[in-house]
1. State which entries of K88/K170; K91/K116; K50/K116; K89/K170 exceed 22 angstrom in Cα-Cα distance in the structure shown.
2. Please report the projected area of region 53-192's Cα convex hull averaged over all directions, in nm².
3. Around A133, what is the net charge, scoring Lys/Arg as +1 and Asp/Glu as -1 over all other residues with Cβ under 14 Å from its Cβ?
4. When ranked by the protection proxy of mean other Cβ atoms within 10 Å per residue, highest first, what sequence do the peptides 166-172, 185-191, 87-93 form?
5. In the neighborhood of I195, defined by Cβ-to-Cβ distances under 13 Å, what is the net charge if each Lys or Arg adds +1 and each Asp or Glu adds -1?
Amino acid sequence: MTKKLLCVSLLLMLALCSVSEATMLKKGKLSDQYPDPPKQQKQNHQILPKRGDIGVVVDGTDSMHVSTTEAMIIQELVNHGYRVVDEKKIKQMRMAAARAQAARYAFEGNIAGLLKVNGHYSAAATVCARVRAGQPVRNELGVFTGTATISLLAVTSRGTKLGGDMAQGKALGYTVEEAQQNAINEAVRNALAQIF
């Protein structure tokens, strides 16, 4: 009951704030011109190539987390306008990368195996990820808090490394599975933000 009351009061406050801002704007008391944000220095930020298909290889100790992470990465790539290697080729890439231990070696700095996988399947780049998700714990609100860590590295067919950092996700869920899923989703989004 208190959660519903809190949500309703937050929604009312947001509605009142937006109405009062619109009213002030009409009366000329508020300028619709916002100052330009400070210019940031241009970072040497390389992104995934838009031409060609992107392969996805995920490594982890729990097969459920691996498949969840792979699905989330594919969904995010498609949402950002990338073409992903078809499902049949992704399965073959996953097996080839596992045989060559390409994904593991790529994280250690030896990307030769991953380049062979890229070339064999004509992928413009391959996104490699390692996922670890902790066991969610029940918090004081009675829901579960899940945490996940994603190490993400993309390697283009030319051998350029993109990303390579770790990203974390922390999220709530009403069940253990939901908390883990939400944490993995957040970690994937945070990791992919480095290469988009």
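Nothing in this text is a laboratory measurement; each read-out follows from the coordinates by a stated rule. Every value quoted in this text rests on a predicted model; they were computed, and no experiment measured them. So basically every Cβ, Gly included, is an ideal-geometry build from the backbone, and we count neighbours across all protein chains shown.
1. Values: K88/K170 32 Å; K91/K116 16 Å; K50/K116 20 Å; K89/K170 32 Å.
As for pairs spanning more than 22 Å Cα to Cα, those are K88/K170; K89/K170.
2. Numbers: hull surface 31.5 nm².
With every direction weighted equally, the projected area is 7.9 nm².
3. Numbers: positive: R130, R132, K170; negative: D59, D62, E70, E177, E178, E186.
Net charge in that neighbourhood comes out at -3.
4. On the way: 166-172: 16.9, 185-191: 22.3, 87-93: 15.0.
Put in order of decreasing packing, that is 185-191, 166-172, 87-93.
5. Values: positive: K50, K161, R189; negative: E76, D165.
Charge balance near I195 sits at +1.
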